[in-house]
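Trainee: Structure incoming, see below.
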Amino acid sequence: MNSVKLMTVMLSFLVLCRASPAQTQTSKELQDQEAGLIAQIISYKTTKTGSAMEAAVRDEFSPAGPSLGVLALTLVLARAKPTATDIQAIEGARTDKQVGTASSTGSGTTSLTTKGSVPSILGLAVENGAITQSQSGTTITFDANPIGIMKALGNHGFIQSYSDDTPTTRFLRRLSFDVSFDTNRGNSNGTFTGDAQQVSSFDAHADIRNKRDPRNPAYQKGWSTLIGTSERGAAIDENKIVLFFSTDPVLHSWLLSAQEALITAAPANVQSTVQNQLADLSKLPLPDKMAKLIDDYGSQMLAFLSNRDALLKAAANGSIISVDYTDNRQVQSPDLSTFKLIAATSFMNGKADVTANASATILNTLPAGMNLNRLHDVQFSAQADIPLGQIQQIGSFVLTFSGLYERLLDNNFAQGTGMLVPNTEGDMAVGQLKLTIPVKGTGVNVPISVTFANRTDLIKESDVRANFGVTFDLDTLFSKLKP
Amino acid sequence: MKKIAGSNFNLQVSDGETISVQISNTIKIVNQVIYVFNGSDPVLSTSQPYTRTLHKTGTDADPDPSVLSARVTFSDASGGHFRISVSGKAGEDTSVYDYDQAGSQASEQLNYILSFS
């Protein structure tokens, strides 16, 4: 990194350190809206030409349209900052901001490649967001998303309009299904073909009670209050700001110039052009009436964003009760059906999470000549995840306690053989202590665990294992690698 | 109602015309939309269209241009979507715009400038 870049990063770091939590919250909203604006303009430049492209870009970057929020928040932050230099420093520090960056949540390993091609109907569904695909080892899982299916059908004109909050869709939102394929099965060993032979399991999941859904009726009053007060105030202010960009000659001149700059910019330069134009906007003198509206808008938006964050946090700490059915297709031995009850809630004022499961597994068929119970096993398990607090530049450590008790009512089948392994029925108890160490901002987590078990599925001897791993959030990693 | 120079947000309206705004194709949206017309507002559910009859002249004349805004709140941290449609006289233009929540964006306001013919 050269010295100029280093100075810019350091200066912006200092400015950000000085920034109050309020400014950080407003900055985040601006960053998100700005990223959406940039992505949309790039989309118009790559999908439209000539006057159609120009009209679309003007529409997008205009106080009349979807982008007044970006302009207004830019002015809010400009008026909150001592100098324009600080604003440019913050903008400069965002050189690595990726337009349209996906959420950075999620953990676990994923494979970059799929063995073989995805069958066309599944591929079409994945491509249109109706289902999502993930891979772990040789198992590929497709999750059916009822709302995603609805949106895909709507985008392709199969349904005229939809809402995910009608009584029917509220019911559908509680459901999910997935199908897993083991690529080692079937005739095309190691290649994904998507045929019935490769299906290894089917899962259906239903939420009985989900207080982690922000639209649960429990939060309706909170939303009404939020929308009826601070957000209403912000909406009125924004409405009143629109015409200043037509009536004030300085602002109008800036708008026309900014639109022309965006129309002529190459797609690769849209991000820098938008950021430069917003930097210019932040330096302009504002009419007194508009300045007052901007200040009020900033206060209203801050109150709205803070209260919304609190509401979403309350929802994230809500409790869930759900049921799950899994049909596990075995090779050479009877298929298994597992019925599971899942409950999760938070404690320690929402800082920690606890989850409990109770399940029963049955044999779908009883093999002839074997004296077996229909009921194969029952399991009870619980897990508590407790954040230990932040360490600067590392992140939040998480301590996990988990335990599982399983009662095997008959001897177990050896995998892929259809043969019973003698002397394997009985009780199994497993305890695990895990510490997850994050590397902040990299998408890398290092889980270290110790597992104690009185036996395994097939061997009746106590087992103590220490595990060490590394998990990657590839979206975050790739976002760091891109220049 | 006609789009000016193909714009979805700069619209030409007539004296006495009733315009209608409808939010549809909603995903992860709070079921309350804020509508503001020249600085005043009701709050309606997403399933109920907003309508207003515009007046160029008379004691209840509306400013020219007028500004109509519709503000939608996203209920989740990501994945929100909606469509907004604005229409007037039958047989004339309809403005249709689809919006996807950007990152963890909290809310989105669409503003329309209405100019009388």
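The values are calculated or read from the model by the stated rules, or taken from the named source; none is laboratory data. Everything numeric here is computed off the predicted structure, so don't read it as measured data. We place every Cβ from the backbone using ideal geometry, glycine too, and count neighbours over all the protein chains shown.
Trainee: Answer yes if at least one residue in the stretch B:77-96 is at the interface with chain A (Cβ under 9 Å from one of its Cβ atoms), in contact with a helix residue (DSSP H, G or I) (Cβ under 8 Å, 6 or more places away or on another chain) and touching a residue at least 40 places away in the same chain (Cβ under 8 Å), and no otherwise.
Mentor: Yes, there is a match, as at least one residue in the stretch B:77-96 is at the interface with chain A (Cβ under 9 Å from one of its Cβ atoms), in contact with a helix residue (DSSP H, G or I) (Cβ under 8 Å, 6 or more places away or on another chain) and touching a residue at least 40 places away in the same chain (Cβ under 8 Å).
Trainee: Would the stretch B:53-67 turn up any residue that is more than 9 Å from chain A (Cβ to nearest Cβ), under 16 Å from the mean Cα position of the chain (by Cα) and without any contact (Cβ under 8 Å) to a residue 60 or more places away in the chain?
Mentor: Among the residues of the stretch B:53-67, at least one is more than 9 Å from chain A (Cβ to nearest Cβ), under 16 Å from the mean Cα position of the chain (by Cα) and without any contact (Cβ under 8 Å) to a residue 60 or more places away in the chain, which makes the answer yes.
Trainee: Another one. Which numbered condition trips up residue B:19, out of (1) at the interface with another protein chain (Cβ under 9 Å from one of its Cβ atoms); (2) assigned to a strand (DSSP E or B); (3) out of contact with any Phe, Trp or Tyr (no Cβ under 6 Å at 6 or more places or on another chain)?
Mentor: Among (1) at the interface with another protein chain (Cβ under 9 Å from one of its Cβ atoms); (2) assigned to a strand (DSSP E or B); (3) out of contact with any Phe, Trp or Tyr (no Cβ under 6 Å at 6 or more places or on another chain), the lone unmet condition for residue B:19 is (1).
Trainee: So, residue B:79, is that one surrounded by fewer than 22 Cβ atoms within 10 Å (Cβ to Cβ), at pLDDT 90 or above and among the small types (Gly, Ala, Ser) or not?
Mentor: Values: surrounded by fewer than 22 Cβ atoms within 10 Å (Cβ to Cβ): yes; at pLDDT 90 or above: no; among the small types (Gly, Ala, Ser): yes.
Criteria not met by residue B:79.
Trainee: Just to be sure, is residue B:27 within 12 Å of chain A (Cβ to nearest Cβ) and over 15 Å from the mean Cα position of the chain (by Cα)? Step through it out loud before you land on a result.
Mentor: Details: within 12 Å of chain A (Cβ to nearest Cβ): yes; over 15 Å from the mean Cα position of the chain (by Cα): yes.
Answer is yes for this residue.
Trainee: In addition: Considering only residues that are at the interface with chain B (Cβ under 9 Å from one of its Cβ atoms) and either crowded, with 22+ Cβ neighbours inside 10 Å or farther than 21 Å from residue B:67 by Cβ (or both), which ones fall in the stretch A:39-55? Talk me through it step by step, then tell me what you get.
Mentor: Step one: list which residues in the stretch A:39-55 are at the interface with chain B (Cβ under 9 Å from one of its Cβ atoms), which gives A:39-40, A:51-52, A:55.
Correct list: A:39, A:40, A:51, A:52.
Trainee: Going by what's in this entry, would residue A:35 be described as hydrophobic (A, V, I, L, M, F, W, C), modelled with pLDDT of 90 or more and surrounded by fewer than 16 Cβ atoms within 10 Å (Cβ to Cβ)? Explain how you work it out, then say what you get.
Mentor: On the way: hydrophobic (A, V, I, L, M, F, W, C): yes; modelled with pLDDT of 90 or more: yes; surrounded by fewer than 16 Cβ atoms within 10 Å (Cβ to Cβ): no.
Spelling it out, it is not the case that residue A:35 is hydrophobic (A, V, I, L, M, F, W, C), modelled with pLDDT of 90 or more and surrounded by fewer than 16 Cβ atoms within 10 Å (Cβ to Cβ).
Trainee: Please specify each residue of the stretch B:17-29 satisfying the condition of being surrounded by fewer than 20 Cβ atoms within 10 Å (Cβ to Cβ) and over 23 Å from residue A:150 (Cβ atoms).
Mentor: B:17, B:18, B:20
Trainee: Tell me which strands (runs of 3 or more DSSP E) are completely within the stretch B:30-117 and hold 2 or more residues being out of contact with any Pro (no Cβ under 6 Å at 6 or more places or on another chain) and charged (D, E, K, R), or say none if there are none. Steps first, answer last, please.
Mentor: On the way: elements: B:33-37, B:50-53, B:66-73, B:81-87, B:94-100, B:107-116.
Those strands (runs of 3 or more DSSP E) span B:94-100.
Trainee: Of the conditions (1) farther than 21 Å from residue A:276 by Cα; (2) assigned to a helix (DSSP H, G or I); (3) aromatic (Phe, Trp, Tyr), residue A:202 satisfies every one except a single condition; which number is it?
Mentor: For residue A:202, the exception is condition (2).
Trainee: Something else: Considering only the stretch A:281-335, how many residues are surrounded by fewer than 16 Cβ atoms within 10 Å (Cβ to Cβ), part of a loop (DSSP other than H, G, I, E, B) and among the aliphatic types (A, V, I, L, M)?
Mentor: Here the count works out to 2.
Trainee: Return yes or no: is residue A:237 surrounded by fewer than 18 Cβ atoms within 10 Å (Cβ to Cβ), charged (D, E, K, R) and either within 30 Å of the chain's Cα centre (by Cα) or assigned to a helix (DSSP H, G or I) (or both)? Steps first, answer last, please.
Mentor: Working: surrounded by fewer than 18 Cβ atoms within 10 Å (Cβ to Cβ): no; charged (D, E, K, R): yes; either within 30 Å of the chain's Cα centre (by Cα) or assigned to a helix (DSSP H, G or I) (or both): yes.
So residue A:237 fails the test.
Trainee: Moving on. Hey, can you tell me all the residues within the stretch B:53-66 that are within 14 Å of residue A:239 (Cβ to Cβ) and surrounded by 17 or more Cβ atoms within 10 Å (Cβ to Cβ)?
Mentor: Answer for the stretch B:53-66, where residues must be within 14 Å of residue A:239 (Cβ to Cβ) and surrounded by 17 or more Cβ atoms within 10 Å (Cβ to Cβ): B:62, B:65, B:66.
Trainee: Do we have residue A:312 as modelled with pLDDT of 95 or more, touching an Asp or Glu at 6+ places or on another chain (Cβ under 9 Å) and either closer than 27 Å to residue B:74 by Cβ or among the aromatic types (Phe, Trp, Tyr) (or both) here?
Mentor: Numbers: modelled with pLDDT of 95 or more: no; touching an Asp or Glu at 6+ places or on another chain (Cβ under 9 Å): yes; either closer than 27 Å to residue B:74 by Cβ or among the aromatic types (Phe, Trp, Tyr) (or both): yes.
No, not satisfied.
Trainee: Any residue that is touching a residue at least 60 places away in the same chain (Cβ under 8 Å) and either among the polar types (S, T, N, Q) or at the interface with chain A (Cβ under 7 Å from one of its Cβ atoms) (or both) - is there at least one of those in the stretch B:100-108? Explain how you work it out, then say what you get.
Mentor: First pass over the stretch B:100-108, keeping only residues touching a residue at least 60 places away in the same chain (Cβ under 8 Å): B:101.
Among the residues that remain, those that are also either among the polar types (S, T, N, Q) or at the interface with chain A (Cβ under 7 Å from one of its Cβ atoms) (or both) are: B:101.
Yes, there is a match, as at least one residue in the stretch B:100-108 is touching a residue at least 60 places away in the same chain (Cβ under 8 Å) and either among the polar types (S, T, N, Q) or at the interface with chain A (Cβ under 7 Å from one of its Cβ atoms) (or both).
Trainee: Moving on. Which of the residues spanning the stretch A:240-259 are part of a helix (DSSP H, G or I) and touching a helix residue (DSSP H, G or I) at 6+ places or on another chain (Cβ under 9 Å)? Lay out the reasoning, then the answer.
Mentor: To start, the set of residues in the stretch A:240-259 that are part of a helix (DSSP H, G or I) comprises A:240-241, A:244-247, A:249-259.
Of everything in the stretch A:240-259, those that are part of a helix (DSSP H, G or I) and touching a helix residue (DSSP H, G or I) at 6+ places or on another chain (Cβ under 9 Å) turn out to be A:240, A:241, A:244, A:245, A:246, A:251, A:252, A:254, A:255, A:257, A:258, A:259.
Trainee: Scan B:32, B:12 and give me the residue that is at the interface with chain A (Cβ under 8 Å from one of its Cβ atoms), buried (at least 16 other Cβ atoms within 10 Å of the Cβ) and either under 30 Å from residue A:215 (Cβ atoms) or at pLDDT 95 or above (or both).
Mentor: Details: B:12 fails: at the interface with chain A (Cβ under 8 Å from one of its Cβ atoms).
None of the others qualify; the one that does is B:32.
Trainee: Assuming residue A:441 fulfils every condition listed in (1) under 36 Å from the mean Cα position of the chain (by Cα); (2) part of a loop (DSSP other than H, G, I, E, B); (3) modelled with pLDDT of 80 or more apart from one, which condition is it?
Mentor: (3)
Trainee: Quick one: count up the residues across the stretch B:100-117 that are of a type in the set (Ser, Thr, Tyr), at pLDDT 95 or above and under 13 Å from residue B:28 (Cα atoms).
Mentor: Selection size over the stretch B:100-117: 1.
Trainee: Which of (1) within 11 Å of chain A (Cβ to nearest Cβ); (2) at pLDDT below 95; (3) within 14 Å of the chain's Cα centre (by Cα) does residue B:48 not meet, given it meets every other one?
Mentor: Failed condition: (1).
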